[in-house]
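Encoded as structure tokens, the structure appears first; notes follow it.
The values are calculated or read from the model by the stated rules, or taken from the named source; none is laboratory data. Only a predicted model underlies this, so the values are computations on that prediction, with no experimental measurement involved. Note that we place each Cβ from the backbone using ideal geometry, even for glycine, and neighbour counts take in every protein chain shown.
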Amino acid sequence: MPEEPRDVAGGSRRRFLKWATALSALGAAVLAGLPTLRAFVSPTFKKPEGKRWVKLGEADLFDVGLPPTKVDFSETVNDAWLESRALRSVWVYTEDGEQFIVYNAHCTHLGCIVFFDKDKRALHSPCHHGLFEVKTGAVLAGPPPRPLDSLEWKVEDGMLYCAYQDFRVGIAQKVSV
Ligand code: FES
């Protein structure tokens with residue numbers, strides 16, 4: 001009996017179409033997944049931000065001597081995938097209106113905001129009664145493990161700026177976060 005002719009051309013066309021379909025499905029899946037992958041991975045590899053100079057006010061207008069001046073401001077914070085506004089506070093002290101000391105207002109014990117205590121003439125953390133010397137930030141009393149965190153500052157065109165940074169609390173070393 002004569003053998004039936006095989007559809008060689010039809011078979012290879014079907015194989016080609018199968019491969020082409022599989023490849024285009026794979027391509028579409030990769031393309032669709034890229035933005036999602038980038039959104040998950042990019043915050044992890046984001047470069048740390050540089051210095052954030054914050055304008056605190058006209059240098060001439062800060063009181064000389066005690067009491068120090070508290071300056072509050074808010075800034076946008078990007079925490080991985082979330083963007084939010086955060087309230088910040090610093091204390092500014094100057095003895096001559098030219099040289100400044102700027103402290104991050106967070107207590108170095110557990111991060112409460114410190115306030116100026118008029119009677120003790122010192123910066124006081126109300127949470128566990130930590131007490132800090134205004135001129136040096138040194139711990140006078142209580143559990144704080146290190147002095148207040150001083151910040152870099154500069155005066156430009158008559159304006160006082162500080163390079164705001166937060167630091168880890170509860171440890172003796174000043175480690176930025
Ligand atoms: S948070 Fe300041 S003393 Fe505990």
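Laid out as a table, the results:
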item	result
Residues within the range 112-133 that are surrounded by fewer than 17 Cβ atoms within 10 Å (Cβ to Cβ) and small (Gly, Ala, Ser), tallied	0
Candidates 122, 86, 39, filtered to the one that is in contact with an Asp or Glu (Cβ under 7 Å, 6 or more places away or on another chain) and at pLDDT below 95	86
Number of positions in the range 134-165 that are surrounded by 15 or more Cβ atoms within 10 Å (Cβ to Cβ) and of a type in the set (D, E, K, R)	2
Failed item in (1) of a type in the set (Gly, Ala, Ser); (2) modelled with pLDDT under 75; (3) in a loop (DSSP other than H, G, I, E, B), with residue 27 passing the rest	(3)
For residue 13: the one exception among (1) within 30 Å of residue 103 (Cβ to Cβ); (2) modelled with pLDDT under 75; (3) of a type outside the set (A, V, I, L, M, F, W, C)	(1)
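The rows are residues; the columns are (1) among the polar types (S, T, N, Q); (2) touching a His at 6+ places or on another chain (Cβ under 7 Å); (3) within 13 Å of the ligand (Cβ to nearest atom).
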residue: 129; (1), (2), (3): no, no, yes
residue: 133; (1), (2), (3): no, no, no
residue: 144; (1), (2), (3): no, yes, yes
residue: 150; (1), (2), (3): yes, no, no
residue: 161; (1), (2), (3): no, no, no
residue: 170; (1), (2), (3): no, yes, yes
